[in-house]
1. Please find, within the range 133-149, the residue that is nearest to residue 98 (Cα to Cα) out of those that are surrounded by 11 or more Cβ atoms within 10 Å (Cβ to Cβ) and not hydroxyl-bearing (Ser, Thr, Tyr).
2. Suppose the filter is assigned to a loop (DSSP other than H, G, I, E, B), in contact with a Phe, Trp or Tyr (Cβ under 9 Å, 6 or more places away or on another chain) and either under 23 Å from residue 25 (Cα atoms) or among the β-branched types (Val, Ile, Thr) (or both); does residue 100 pass it?
3. Would you check which residues across the range 103-150 are part of a loop (DSSP other than H, G, I, E, B), free of Cβ contacts under 8 Å to residues at least 24 places away in the same chain and within 16 Å of the chain's Cα centre (by Cα) and list them?
4. Among the residues that make up the range 28-38, is at least one of them of a type in the set (Ser, Thr, Tyr) and modelled with pLDDT under 75?
5. Filter the range 87-97 for residues that are under 21 Å from residue 132 (Cα atoms), part of a loop (DSSP other than H, G, I, E, B) and charged (D, E, K, R) and give the result.
6. Can you go through 113, 136, 119 and tell me which one is in contact with a Phe, Trp or Tyr (Cβ under 7 Å, 6 or more places away or on another chain) and either charged (D, E, K, R) or over 18 Å from residue 5 (Cα atoms) (or both)?
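The values are calculated or read from the model by the stated rules, or taken from the named source; none is laboratory data. The shown structure was predicted, so the numbers you read here are calculated from the model rather than taken from an experiment. Neighbour counts are summed over all protein chains in view; Cβ atoms, including those assigned to glycine, are modelled from backbone coordinates with ideal geometry.
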Amino acid sequence: MRKVIANLFASRDGFAVDRDGEMRWVTDDYGEEKFVQDAHYSMDVMLLECVTYQEFVSYWPSASVEEEPLADRMNSIPKLVESLLQDGLLDELKLAIHPVVAGSGKRLFKDGRAPKRLRLVDSKTTGTGVSILTFRPAGKVESGSFAVER
């Protein structure tokens, strides 16, 4: 059975895009790590949230391979819209965390969602300082206490 894997980008302070809705700080220079290429060529179907899907369909169909080397691959992959992490459908979460503080923008994870426990199963840091972290779901979040024991 195939895995459901989310490959996401974030700033060090947890933003997916900056206050202008852009990802100008995301680089495709991962040195030896081919995070973006590996992610796109290993998938059979692309799952996107609604806003991202709308952005993709407005950009990729007209992108040329000369401008965007992944254009053919991006246009040939079937796309589905889904909320994976909150619905418990995700097998792995891969985050490429870039060495930048965006300051403001759209958070990678929305406020008000139920907490999800994750287990770190792999980590790499590229020569350009991008941390590539791979997580898997780790069960229910258990409440703790900060009470001082006497």
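1. At the first step, the residues of the range 133-149 found to be surrounded by 11 or more Cβ atoms within 10 Å (Cβ to Cβ) are 133-138, 141.
Still in the running and not hydroxyl-bearing (Ser, Thr, Tyr): 133, 135-138, 141.
Details: 133: 11, 135: 17, 136: 20, 137: 22, 138: 24, 141: 27 Å.
Checked the range 133-149; the qualifying residue nearest to residue 98 (Cα to Cα) is 133.
2. Numbers: assigned to a loop (DSSP other than H, G, I, E, B): yes; in contact with a Phe, Trp or Tyr (Cβ under 9 Å, 6 or more places away or on another chain): yes; either under 23 Å from residue 25 (Cα atoms) or among the β-branched types (Val, Ile, Thr) (or both): yes.
Considered against the rule, which asks whether it is assigned to a loop (DSSP other than H, G, I, E, B), in contact with a Phe, Trp or Tyr (Cβ under 9 Å, 6 or more places away or on another chain) and either under 23 Å from residue 25 (Cα atoms) or among the β-branched types (Val, Ile, Thr) (or both), residue 100 comes out as yes.
3. The one that is part of a loop (DSSP other than H, G, I, E, B), free of Cβ contacts under 8 Å to residues at least 24 places away in the same chain and within 16 Å of the chain's Cα centre (by Cα): 110.
4. Within the range 28-38, the first condition is being of a type in the set (Ser, Thr, Tyr), and the residues that meet it are 30.
Cutting the leftovers down to modelled with pLDDT under 75 gives us 30.
Among the residues of the range 28-38, at least one is of a type in the set (Ser, Thr, Tyr) and modelled with pLDDT under 75, which makes the answer yes.
5. Within the range 87-97, just 91 meets the criteria.
6. Numbers: 113 fails: in contact with a Phe, Trp or Tyr (Cβ under 7 Å, 6 or more places away or on another chain); 136 fails: in contact with a Phe, Trp or Tyr (Cβ under 7 Å, 6 or more places away or on another chain).
Selected residue: 119, the only one of 113, 136, 119 that is in contact with a Phe, Trp or Tyr (Cβ under 7 Å, 6 or more places away or on another chain) and either charged (D, E, K, R) or over 18 Å from residue 5 (Cα atoms) (or both).
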